[in-house]
Amino acid sequence: MSLFQKCYRFTKAREVQAAGYYPYFVPIEASYDTEVVINGQRKVMVGSNNYLGLTHHPQVLEAAQTALRRYGSGCTGSRFLNGTIDLHERLEERLARFLNQEAALVFSTGFQANLGVLATLVGRDDHIFSDKLNHASIVDGARLAYGTVHRYPHGDLRTLERELARTPSEAGKLIVTDGIFSMEGTIVDLPGIMQLAEFYGAEVLVDDAHSFGVLGQAGGGTAQHFGMEDRISLIMATFSKSLASIGGVVAGPEDVIHYLKHHARSLIFSASSPPASIAAVLAALDVIEAEPERREQLWHNTRRMQEGLRALGYDIGSSETPIVPVQIGSLERMLEFWKVLFDAGVFTNPVTPPAVPENSCRLRISLMATHTDEHIDFVLDAFAAAGKRMAVI
Ligand SMILES: Cc1ncc(COP(=O)(O)O)c(C=O)c1O
């Protein structure tokens, strides 16, 4: 079979496009934080990871503009060579402090951070233990690593323990898990994992992509939420969600960060994140520290949306965070439902296999601190009307 045959045979997306239900790559013409303009029409955005609503904060915009003028539009090189500016180092010091870790290393994306950490630290005789619902960047990072990969069923600490017990005690071991699972909106049982890790001599890496700025009394993420910042081995986070920018970070012991700095290929052989993006993160951190009420508002909004959807009769699983997956069913039904909501002025995210099982397609809502009660009620009204029309509730 020729190399491109699979491309010619891939018709599914074109069929959905022709039917008018295609929910991907939808171009946004303008964004006003909680509202966006698409095809000249305003939609309430409940599909963004902008949890604290900082992408349009005046301080964040000002910092990005200032950096753009001072350093230019890009760094045109890797962190390793010409691509480190003082802002990268200032951000690393700041994030290490914020996460209560010795040191931190900034990558160009969170995806690259996970690839770099896993592929670099887990050598031939080492073992990775990874929850089956972990993010794709962890799955791919584990594929790149030379060590043995053990994937345990989601949240199944018995299986995790069995696998740990079977592994030679002298082998290097890393348990890696999402802090908040992005398809379920649930929080990992970190105390349970830490107990196993400490008993079996494993290190623990938590991916706080969705937890940074959201969990913990100061927004420090999953380890802070459980009071385990001094026991966790490594914290990874992204700048593409609460931090309103793009980039990634890993924080932990200084010697480990130093080693990653000199060995992680996704850091060394890729250009560094642009000055405006880094300045935006620094400003976002200022706002997170100065305005804790944003996090409180996010949780208020989360409760209002979850209670509203449950009262309407929707199944939102055991979501306990601003990520709220609404169960719809088959792919066809979910796509139709997405379009009905979209036409009613609500932008949600479709979740389809392989991220979830075949008949468990969902529409994912993500709350923001800047949503008003009116926004949430507007979305709930749209869900009520769509659910009745399509006999989902
Ligand atoms: C859990 C998790 N880890 C890692 C990433 C990758 O982060 P980034 O968007 O910075 O590449 C994401 C982003 O979708 C994520 O949800």
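The values are calculated or read from the model by the stated rules, or taken from the named source; none is laboratory data. As the structure is a prediction and not an experimental result, all values here were calculated from the model. Here the Cβ positions follow ideal geometry from the backbone for every residue, glycine too, while neighbour counts run over all protein chains shown. When the accessible area is computed, the model is the full protein with side chains, heavy atoms only, and any ligands, DNA or RNA have been set aside. Shrake-Rupley method; radii C 1.70, N 1.55, O 1.52, S 1.80 Å.
Structural remarks
- Answer from 328, 323 - the residue that is in contact with an Asp or Glu (Cβ under 8 Å, 6 or more places away or on another chain), under 17 Å from residue 185 (Cβ atoms) and at pLDDT 95 or above: 323
- Residue 196 falls short of the stated requirement of being open to solvent by 10 Å² or more (accessible area, probe 1.4 Å), more than 26 Å from residue 362 (Cβ to Cβ) and within 16 Å of the ligand (Cβ to nearest atom).
- Residue 165 being in a helix (DSSP H, G or I), within 16 Å of the ligand (Cβ to nearest atom), more than 13 Å from the chain's Cα centre (by Cα) and more than 24 Å from residue 363 (Cβ to Cβ): no
- In the condition set (1) more than 16 Å from the ligand (Cβ to nearest atom); (2) crowded, with 16+ Cβ neighbours inside 10 Å; (3) in a helix (DSSP H, G or I), residue 97 is compliant with all but (2).
- Pairing each residue of region 137-164 that is in contact (Cβ under 8 Å) with a residue 12 or more places away in the chain with any residue that is open to solvent by 10 Å² or more (accessible area, probe 1.4 Å) and part of a strand (DSSP E or B), provided the two are 6+ apart or on different chains, yields C-beta distances under 6 Å for 142/149; 147/127; 148/127; 163/150.
- No other residue among 201, 147 is among the small types (Gly, Ala, Ser) and open to solvent by less than 20 Å² (accessible area, probe 1.4 Å) apart from 147.
- Scanning region 2-12 for residues that are outside any loop (DSSP other than H, G, I, E, B) and either open to solvent by 100 Å² or more (accessible area, probe 1.4 Å) or at pLDDT below 95 (or both) yields 6, 8, 9, 12.
- Scope region 111-130; condition within 12 Å of the ligand (Cβ to nearest atom), open to solvent by 10 Å² or more (accessible area, probe 1.4 Å) and either of a type in the set (Val, Ile, Thr) or touching an Asp or Glu at 6+ places or on another chain (Cβ under 9 Å) (or both); matching residues: 111, 115
- Residues being open to solvent by less than 30 Å² (accessible area, probe 1.4 Å) and within 12 Å of the ligand (Cβ to nearest atom) - total across region 169-184: 7
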